[in-house]
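Below is one structure, written out as structure tokens; comments come after it.
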Amino acid sequence: LRLHDLRQRAWQGVELLHRTLPASLCHTLTAIAGERQLHLHFYSRARLLFLSEDPWGAMYLERLADVRAEVLDVPSALSIEVTKAMFVADPGAIASLQHEFAAPPWSAQAALTLSEPEYREFLPRGANKGTGLQAIAKDLAVSRHEVAAIGDYLNDLPMLEWAGLSGAVGNAEPSVKQAAQVVVGTNLAGGVAEFIDSHVLNGRE
């Protein structure tokens with residue numbers, strides 16, 4: 001019943017929580033992208049906004065399912081509220097961005113996370129999978145002990161730390177597996193299905 005309620009809310013386009021990045025940070029990120037020739041794109045709610053078309057952007061799109069990017073010039077992109085900014089580059093360049101932006105003043109404006117070695121994500125402070133999961137649970141009047149979550153990478157940690165039942169696939173990052181209560185098979189070997197069948201559904205019977 002609650003899963004049905006969640007689907008109904010999603011189909012109706014109900015927005016439970018929305019936070020945006022400071023415009024000043026987005027201006028700085030676009031300047032860095034131009035100076036260093038790095039791929040940068042923005043998310044604005046359900047829109048994916050590319051500032052340029054390049055091999056890194058093409059690689060990113062290949063990893064997504066049925067998602068198209070809008071290519072905008074910088075002034076047009078900066079006129080839109082940005083939900084998330086992401087650099088896509090080689091892991092060495094991504095690591096240097098972490099070093100630069102993890103300290104003040106930028107650390108007060110955005111939270112940095114990784115979802116792949118080639119991705120550096122900038123999120124509004126307090127916006128992560130954990131707070132998103134909390135907002136959904138609150139809207140459905142579901143306690144955290146009734147919530148299960150499974151993940152594989154560092155951006156999943158806040159979600160796993162909050163959920164009452166947490167899992168990690170077998171090929172997850174070591175810190176993710178350490179944070180999870182249950183470790184199952186890899187994602188390619190049906191680990192998510194194993195988690196649902198063996199630990200979520202069986203736990204309700």
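Just a few scattered comments:
- Conditions (1) closer than 21 Å to P158 by Cα; (2) within 14 Å of the chain's Cα centre (by Cα); (3) not charged (D, E, K, R); number of the one not met by S44: (1)
- Of all residues in the range 153-185, those that are small (G, A, S), crowded, with 21+ Cβ neighbours inside 10 Å and farther than 20 Å from G126 by Cα total 5.
- Scan of the range 15-51 for residues that are hydroxyl-bearing (S, T, Y) and in a loop (DSSP other than H, G, I, E, B), ordered by number: T20
- Of all residues in the range 72-89 being of a type outside the set (V, I, T) and in a strand (DSSP E or B), the one that is most open to solvent (accessible area, probe 1.4 Å): K84
Condition check ((1) surrounded by fewer than 17 Cβ atoms within 10 Å (Cβ to Cβ); (2) touching a Gly at 6+ places or on another chain (Cβ under 8 Å); (3) at pLDDT 90 or above) across all residues:
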{"position": "P91", "(1), (2), (3)": "yes, no, yes"}
{"position": "L97", "(1), (2), (3)": "no, no, no"}
{"position": "A103", "(1), (2), (3)": "yes, no, no"}
{"position": "L114", "(1), (2), (3)": "no, no, no"}
{"position": "Y119", "(1), (2), (3)": "no, no, yes"}
{"position": "F122", "(1), (2), (3)": "no, no, yes"}
{"position": "Q134", "(1), (2), (3)": "no, no, yes"}
{"position": "R144", "(1), (2), (3)": "yes, yes, yes"}
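- Of residues in the range 140-172 being of a type in the set (A, V, I, L, M, F, W, C) and part of a loop (DSSP other than H, G, I, E, B), the one farthest from L201 (Cα to Cα): A172
- Residues located in the range 52-71, provided they are surrounded by fewer than 13 Cβ atoms within 10 Å (Cβ to Cβ) and in a loop (DSSP other than H, G, I, E, B): E53, R63, L64, A65, D66, V67, R68
- For the range 96-139, the candidate set comprises residues that are basic (K, R) and outside any strand (DSSP E or B); within that set, the residue that is farthest from P158 (Cα to Cα) is K138.
The values are calculated or read from the model by the stated rules, or taken from the named source; none is laboratory data. Remember, it's a predicted structure, so these values are computed and weren't measured experimentally. Every residue, glycine among them, receives a Cβ derived from its backbone with ideal geometry; neighbour counts consider all protein chains shown. Keep in mind that these areas ignore ligands, DNA and RNA; they rest on the heavy atoms of the full protein, side chains included. Shrake-Rupley method; radii C 1.70, N 1.55, O 1.52, S 1.80 Å.
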